Amino acid sequence: MTDGARTATRRGSRPEQVATHCPYCALQCGMVLSATGDGVEVGARDFPTNRGGLCQKGWTAADLLDHPDRLTTPLLRDRPGGELRLATWDEALDRVAAGVQDVQHRHGPDAVAVFGGGGLTNEKAYALGRFARVTLRTRHIDYNGRWCMSSAAAAGNRAFGIDRGLPFPLADLGRADTLLLVGANPAETMPPLMRHVTDLRERGGRLIVVDPRATATARQADLHLQPLPGTDLAVANALLHIALTEGWLDRAYVAERTTGFDEVRRTVAGYWPAEVERLSGVPVADLYATARALATVDRAVILTARGAEQHAKGVDTVTAFINLALALGLPGRPGSGYGCLTGQGNGQGGREHGQKADQLPGYRRIDDPAAREHVAGVWGVDPDALPGPGVPAYQLLDALGTPSGARALLVFGSNPVVSAPRAARVESRLRALDLLVVADFVRSETAELADVVLPVAQWAEEDGTMTNLEGRVLRRRALREPPAGVRTELEILAALAGRLTDGAPLPTDPREVFAELGRASAGGPADYAGITWDRIDADTGVFWPCPDRDGPDTPRLFADRFPTPDGRARFHAVTHRPAAEPVCADYPLHFTTGRVLAQYQSGAQTRRVAALRRAAPGGFVELHPDLAARLGVTEGAPVRVVSRRGELRAPARLSTAIRPDTVFAPFHWPGAQRANSVTNDALDPVSGMPEFKICAVRVEPA
Ligand SMILES: Nc1nc2c(c(=O)[nH]1)N[C@H]1C(S)=C(S)[C@@H](COP(=O)(O)OP(=O)(O)OC[C@H]3O[C@@H](n4cnc5c(=O)[nH]c(N)nc54)[C@H](O)[C@@H]3O)O[C@H]1N2
Ligand SMILES: Nc1nc2c(c(=O)[nH]1)N[C@H]1C(S)=C(S)[C@@H](COP(=O)(O)OP(=O)(O)OC[C@H]3O[C@@H](n4cnc5c(=O)[nH]c(N)nc54)[C@H](O)[C@@H]3O)O[C@H]1N2
Ligand code: SF4
Ligand SMILES: [Mo]
């Protein structure tokens, strides 16, 4: 079935089969959904990203549609400490509207906050931003992408003047001679992506992986660098140091296409490979081999993901790898470049259209008068009525219920009780609210704390668009109606806007919302003005920027110029600094976190899928056998991982794949196994990214 073969948009005329995409990660694998007598069947579909493959999460995605845990009625808590009870939509929406009005009356518009998600469609993310700014008039909106993409986004904007995760189609990886993956484990986090890596290797290309653990991805690599967590920046500077001393730079490119190299040259001159070996544990010979493999081939690609980015120096770490890429002349060279692997299903689009605290649709800045004027025009409001910038996600959550923070919170598409750093503290902040509203299709751990829970449609029940990790705008297509009692976010926002204002109602038809989004984004960095649903349907998606209906889209960026004022990319000199929390006698080990193949994020969805629960039944603590022996811990024995902020308890998993000075736990489980009870809430000063990937702990038998 081709991408545009069938579209289902009109209610009441649903087809038996639709071509759509997986609800989970940013690879947005192509899927065919078929209505069977008693449910929905998932089939794989050939699409340029997944080339016919799906991972276990994708295959089982339909299991949640008719799951017994599925919410089909709003829930309401009548008094603090009481139980959630079934409610009608009118009761629930009236309660939200009254709560919002009461809080705003007592504490002003900013006392209501909105927390969005990178899994929302473009239409929903856009509508949520508009709802916050126009209906609620609050500056407080941010989203879980702050914990995901924000460091790479800030570094990309700083260097290239634009933030598109991959500035080229994914298939370019297959044609590269060298691929350097830094803090990325796609064999578990985006398994079908590895088909492109297989292409590369079959052509004789080399894969180099930088990860403190010998992951499933690292085991396929030609070279695995196994640094201490939090030392990637120094590694990148050492690689550039080597390229410089070996005369491997692309001097013409640096001279013609970049600015600011001189200071970077002076800075990296101090990153002697032998010193970086002492700091990171990566042998000098491996540093040389990596620099050579990147610098002496025709086509080289450097990709970062959360391992390098989720640090209090995440922006500078990404910048160090961008500096390396620029010095080697990679960005814009065919088949080469730097990119970051976006994570959530709509992690890319979700960060372009107004869920971010400082941003208006089209990736415009909310503090830019021209941007305010343009977007206010589309929204039919006075530019001066738009609020100013808010604060990044963690600051927003950490202030809830305090005199300086919001007193009501509306959550759409996130489960921060499990996924936020220093989660016990965030949980207590949520409990301190006057009003917590959660829109979800299951009773997530965050929904359990809510005063009002609003049941929403799932991916197979809604139309819209998603923007995948390549910047390719795709169509999500509905196979069936939502179950009775369930509403879409667009319907919920419109109903609330109707109760809260007497202005023009918000549109509830996603196609109409997308057209409005296009107008609002016109002329902005992420320009969708030329994209229509029909145009997406006619092909395998449309790459932004795409300003004109009749003009081309942009699969590859940077061929001739960068979208900066002078058309050049900008180097920024960056220096290594230690993790926010160094190890010490009481907390002598490094703790890092991440993902396993069969669970997704906070696990609210995937922990409910039987096949995935069987594959990954619970949390664990990965530690080296030598460390385990020292601690007197055996395989499967319960251990406690203790930091200054809290502890997690889970069975030990002994593995020589991890450094003996580092322990790892996945973050998909709540309660005693919650990794984020332990993590550090130190933030990157530029991006607001928390330091999920390193803090100091001790491990004890439990
Ligand atoms: N199965 C599954 N797939 C997913 C998701 C999921 O939850 N489950 N989530 C999706 C989302 S939103 C995202 S953001 C992506 C994330 O995709 P990835 O970034 O690939 O996932 P992580 O496991 O968080 O981190 C990758 C690796 O970073 C390593 N690491 C830890 N600390 C450091 C360090 O200091 N330096 C370096 N170089 N590496 C380090 C970890 O050992 C880990 O193997 O996955 C997406 N796909
Ligand atoms: N320790 C540690 N913590 C981390 C990370 C890490 O690597 N280590 N990674 C971070 C990263 S990269 C990310 S992206 C975050 C993600 O963490 P979360 O923001 O918690 O992400 P999800 O678990 O995907 O939460 C989505 C919730 O919304 C619901 N949902 C799904 N789709 C929709 C929808 O369309 N509408 C609505 N209303 N609800 C929906 C789901 O059922 C689920 O309850 O976690 C971060 N936390
Ligand atoms: S790789 Fe991502 S998009 Fe593809 S099937 Fe798995 S979770 Fe879905
Ligand atoms: Mo993410």
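The values are calculated or read from the model by the stated rules, or taken from the named source; none is laboratory data. Just so we're clear, the structure is a prediction, and the values are computed from it rather than from any experiment. All Cβ positions, glycine included, derive from the backbone under ideal geometry; neighbour counts span all protein chains shown. Side chains included, ligands, DNA and RNA excluded: accessible areas come from the protein's heavy atoms. Shrake-Rupley method; radii C 1.70, N 1.55, O 1.52, S 1.80 Å.
A few remarks follow.
- Test: residue 634 is outside the structural domain of residue 414 (by TED's automatic domain parsing) and either in contact with a Pro (Cβ under 7 Å, 6 or more places away or on another chain) or modelled with pLDDT under 95 (or both): no
- Residue 125, sole failed condition from (1) within 27 Å of residue 447 (Cβ to Cβ); (2) in contact with a Pro (Cβ under 6 Å, 6 or more places away or on another chain): (2)
- With respect to the conditions (1) more than 16 Å from ligand 4 (Cβ to nearest atom); (2) crowded, with 24+ Cβ neighbours inside 10 Å; (3) under 24 Å from residue 110 (Cα atoms), residue 421 falls short on a single one, namely (1).
- Subset of the stretch 651-689 [closer than 17 Å to residue 590 by Cβ and open to solvent by less than 10 Å² (accessible area, probe 1.4 Å)]: 652, 658, 662, 663, 664, 665, 666, 675, 676, 678, 679
- Taken as a whole, the stretch 104-119 holds at least one residue that is open to solvent by 10 Å² or more (accessible area, probe 1.4 Å) and within 16 Å of ligand 3 (Cβ to nearest atom).
- Taking the conditions (1) open to solvent by 30 Å² or more (accessible area, probe 1.4 Å); (2) in a helix (DSSP H, G or I); (3) within 26 Å of residue 144 (Cβ to Cβ) in turn, residue 127 satisfies each one other than (1).
- Residue, nearest to residue 664 (Cα to Cα), within the stretch 614-640, restricted to residues that are open to solvent by less than 40 Å² (accessible area, probe 1.4 Å) and over 26 Å from the mean Cα position of the chain (by Cα): 623
- Residue that is farthest from residue 525 (Cα to Cα) [pool: residues in the stretch 580-606 that are in contact with an Asp or Glu (Cβ under 7 Å, 6 or more places away or on another chain) and away from ligand 4 (no atom under 16 Å from the Cβ)]: 589
- Scanning the stretch 265-320 for residues that are among the polar types (S, T, N, Q), surrounded by 24 or more Cβ atoms within 10 Å (Cβ to Cβ) and not in a helix (DSSP H, G or I) yields 304, 310.
- In the stretch 114-136, the residues that are out of contact with any helix residue (DSSP H, G or I) (no Cβ under 9 Å at 6 or more places or on another chain) and of a type in the set (A, V, I, L, M): 132
- Some residue of the stretch 434-444 being within 16 Å of ligand 1 (Cβ to nearest atom), closer than 30 Å to residue 481 by Cβ and surrounded by 23 or more Cβ atoms within 10 Å (Cβ to Cβ): yes
- Considering residues of the stretch 526-560 that are among the basic types (Lys, Arg) and without any contact (Cβ under 8 Å) to a residue 40 or more places away in the chain only, the residue farthest from residue 350 (Cα to Cα): 549
- Among all residues of the stretch 135-146, there is none that is out of contact with any Leu (no Cβ under 7 Å at 6 or more places or on another chain), open to solvent by 30 Å² or more (accessible area, probe 1.4 Å), over 30 Å from residue 692 (Cβ atoms) and at pLDDT below 95.
- The condition of being away from ligand 3 (no atom under 16 Å from the Cβ) and either outside any helix (DSSP H, G or I) or over 30 Å from residue 560 (Cβ atoms) (or both) does not hold for residue 242.
- Residue that is nearest to residue 226 (Cα to Cα), among those in the stretch 656-702 that are of a type in the set (S, T, N, Q) and near ligand 2 (Cβ under 9 Å from one of its atoms): 679
- Selection count where residues are within 16 Å of ligand 3 (Cβ to nearest atom) and over 19 Å from residue 312 (Cα atoms), scope the stretch 133-165: 1
- Any hit, the stretch 539-551, residues being under 30 Å from residue 213 (Cα atoms) and either of a type in the set (Val, Ile, Thr) or modelled with pLDDT under 95 (or both): no
- Candidate set: the stretch 162-192, residues that are open to solvent by less than 10 Å² (accessible area, probe 1.4 Å) and of a type in the set (Asp, Glu); chosen: the one nearest to the chain's Cα centre (by Cα): 163
- Selection within the stretch 580-612: residues that are of a type in the set (Phe, Trp, Tyr) and within 22 Å of residue 700 (Cβ to Cβ). The member of this set that is surrounded by the most Cβ atoms within 10 Å (Cβ to Cβ) is 591.
- Filter result for residue 32 (under 30 Å from residue 527 (Cα atoms), away from ligand 3 (no atom under 16 Å from the Cβ), modelled with pLDDT of 95 or more and part of a strand (DSSP E or B)): no
- Within the stretch 21-69, the residues that satisfy the criterion of being among the basic types (Lys, Arg) and touching a helix residue (DSSP H, G or I) at 6+ places or on another chain (Cβ under 7 Å) are 51, 57.
- All strands (runs of 3 or more DSSP E) inside the stretch 157-236 with 3 or more residues being aliphatic (A, V, I, L, M): 178-182, 206-210
- Condition met for residue 199 (closer than 24 Å to residue 272 by Cα and either within 11 Å of ligand 1 (Cβ to nearest atom) or not small (Gly, Ala, Ser) (or both)): no
- Considering 341, 328, the condition of being closer than 18 Å to residue 157 by Cβ and touching a residue at least 40 places away in the same chain (Cβ under 8 Å) is satisfied by 341 alone.
- Hits in the stretch 293-310 - residues which are within 15 Å of ligand 2 (Cβ to nearest atom) and touching a helix residue (DSSP H, G or I) at 6+ places or on another chain (Cβ under 6 Å): 304, 308, 309
- The lone exception for residue 75 - which of (1) away from ligand 2 (no atom under 16 Å from the Cβ); (2) at pLDDT 95 or above it fails: (1)
- Residue-level check: of (1) open to solvent by 80 Å² or more (accessible area, probe 1.4 Å); (2) not assigned by TED's automatic domain parsing to the domain that holds residue 495, residue 86 misses just (2).
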